[in-house]
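To keep things clear, I will list the structure first and then write my remarks on it.
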Amino acid sequence: MTPTEPPVLVERDGCVGRLVLNRPRALNALDREMVDRLTEALDTWERDDTVTAVVLSGAGERGLCAGGDIRGIHEDVRQGGGAESARFWAAEYRLNARIARYSKPYVALMDGVVMGGGVGVSAHGSVRVVTERSRVAMPETGIGFVPDVGGTWLLSRAPGELGTHLALTAGAVGAADALLCGLADHFVPADRLADFAASLARTPAADAVARYATTPPESELAGHRPWIDACYRSDSVPEILARLRDHGGTAAKEAAAAVESKSPTSLKVTLAALRRARGLSSLEAALEQEYRTSVAALSSPDFAEGVRAQIIDKDRNPRWSPAALDDVSEEEVARHFAPPKSGDLGLGVRF
């Protein structure tokens, strides 16, 4: 993006509106201005009968979107206590709900890296396309945070315990596993993606999908379902870890190591959020819950420490507090689900 270019390109192309996340040097990380531009464009095009579909893509070669602007949020927490970040999340989560209920086809090109907030602006769309280059993840537990942007809604509805596995390990999946987990709908080879995107200007989305989508590569997670479902079925993180260690398989032991490296507080809150999300009746209710956990995380030492270790200093050596799962109290977990002082999102659900 040059200094004169906006962070979101809003363009008309035939019968479609195109939205291009345009911060390629930051892997199109979302900030408040971008969320507001996306919201405004969706509002305008929904009222325009000449626009029949919306297409979302990302500038650059690396991916659609790496998530929210975590550096900016970290700085806001350090200098201002996180008030601006809470307002950003409120606007972002309302946008996620808007996308899910959009009255026209919303086509998300989930090519390359699609993580965190990138999932929020794509995986709630009505036509979600992945390629062999796609790497889709909700990596929040690795930075002392909790899956948000509707991630707990999506992951809690993945087959079996696949969503629990992805949430606790913060692992990224490719195209076939994104399809298996319900995070995407169609596979289009990367070398056909440009033609697919161009065809949407003159072809209904369903027809374009029928022409360009093909069978994805083989799923990696499908073969792991037996041990994943058995080990992650518990509502206790320590019990899940014990089952993973005792399983004996290499993949299960690797999963245990991945989970053990994450914030103990985030792990317990994340598992509780996933289990609660299973009982919620709508995405909006899940977003309301996530807003509570996100705002609560602003006052947790692990969020600032996780961002420091993974993104600021990049030493990959976070010092979690508390450092052990047994030291994370039930009161601390419950605190993350209490209504924030600023109020809830107001998405029209009883929560």
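For region 28-49, the tally of residues that are closer than 12 Å to Ala59 by Cα and either out of contact with any strand residue (DSSP E or B) (no Cβ under 6 Å at 6 or more places or on another chain) or of a type in the set (Lys, Arg) (or both) stands at 1. Tallying residues that are open to solvent by less than 30 Å² (accessible area, probe 1.4 Å) and part of a helix (DSSP H, G or I) within region 80-92 yields 7. Across region 295-335, the number of residues qualifying as part of a loop (DSSP other than H, G, I, E, B), open to solvent by less than 80 Å² (accessible area, probe 1.4 Å) and acidic (Asp, Glu) comes to 1.
Scanning region 117-147 for residues that are surrounded by fewer than 24 Cβ atoms within 10 Å (Cβ to Cβ) and either polar (S, T, N, Q) or more than 23 Å from Cys15 (Cα to Cα) (or both) returns Ser126, Thr131, Glu132, Arg133, Arg135, Pro139, Gly142. Do the conditions hold for Arg25, that is, is it closer than 19 Å to Arg202 by Cβ and either open to solvent by 70 Å² or more (accessible area, probe 1.4 Å) or in a helix (DSSP H, G or I) (or both)? No, not satisfied. Exactly one residue among Val114, Val129, Val146 is in a strand (DSSP E or B) and over 14 Å from Leu30 (Cβ atoms), and that residue is Val129.
For region 195-205, the tally of residues that are in contact (Cβ under 8 Å) with a residue 60 or more places away in the chain and outside any loop (DSSP other than H, G, I, E, B) stands at 3. Just one of (1) part of a loop (DSSP other than H, G, I, E, B); (2) under 29 Å from Ala324 (Cα atoms); (3) open to solvent by 10 Å² or more (accessible area, probe 1.4 Å) fails for Ser219. It is (2). The set of residues in region 179-194 that are outside any loop (DSSP other than H, G, I, E, B), open to solvent by 30 Å² or more (accessible area, probe 1.4 Å) and touching a residue at least 12 places away in the same chain (Cβ under 8 Å) comprises Leu179, Leu180, His186, Arg192. Can you pull out every residue in region 38-79 that is open to solvent by less than 30 Å² (accessible area, probe 1.4 Å) and assigned to a loop (DSSP other than H, G, I, E, B)? Scanning region 38-79 gives Val51, Ala59, Gly67. The one condition from (1) open to solvent by 10 Å² or more (accessible area, probe 1.4 Å); (2) free of Cβ contacts under 8 Å to residues at least 60 places away in the same chain; (3) not in a helix (DSSP H, G or I) that Ala108 does not meet is (1). Restricting to region 69-82, name every residue that is in contact (Cβ under 8 Å) with a residue 60 or more places away in the chain and either of a type outside the set (Val, Ile, Thr) or touching a strand residue (DSSP E or B) at 6+ places or on another chain (Cβ under 6 Å) (or both). Across region 69-82, the qualifying residues are Arg71, His74, Arg78, Gly81, Gly82.
The values are calculated or read from the model by the stated rules, or taken from the named source; none is laboratory data. Since this is a predicted model, take the numbers as computed values, not measurements. Cβ atoms come from the backbone with ideal geometry, glycine included; neighbour counts cover every protein chain shown. Heavy atoms of the whole protein, side chains included, go into the accessibility calculation; ligands, DNA and RNA do not. Shrake-Rupley method; radii C 1.70, N 1.55, O 1.52, S 1.80 Å.
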